[in-house]
């Protein structure tokens, strides 16, 4: 696997991890009622959206440069 392919896979796994942490923070906030976990959930979901945007941008750039077919 090339470095560019690994980069795309890493972005996908990072996005899934951010979503998982966000869901976990929401769950803990519902159980414990601690607002700091809600802030963590928001930060995780924002990170996940940012990673998706970056992943799409990176993929399109590599496709435009004809590095990824």
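Summary of values
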item	result
Computed over the chain, Kirkwood Rh from alpha-carbon pairs, angstrom	13.2
Length-normalised contact order for the range 3-64 - Cα pairs under 8 Å, 6+ apart - percent	40
By average C-beta atoms within 10 angstrom, highest first, the peptides 4-10, 40-46	40-46, 4-10
Nearest-ten-degree value, helix 35-64 long axis tilted from longest Cα axis of the chain	10
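We did not get these values from a lab; they are worked out from the coordinates using the rules stated. Since this is a predicted model, take the numbers as computed values, not measurements. All Cβ positions, glycine included, derive from the backbone under ideal geometry; neighbour counts span all protein chains shown.
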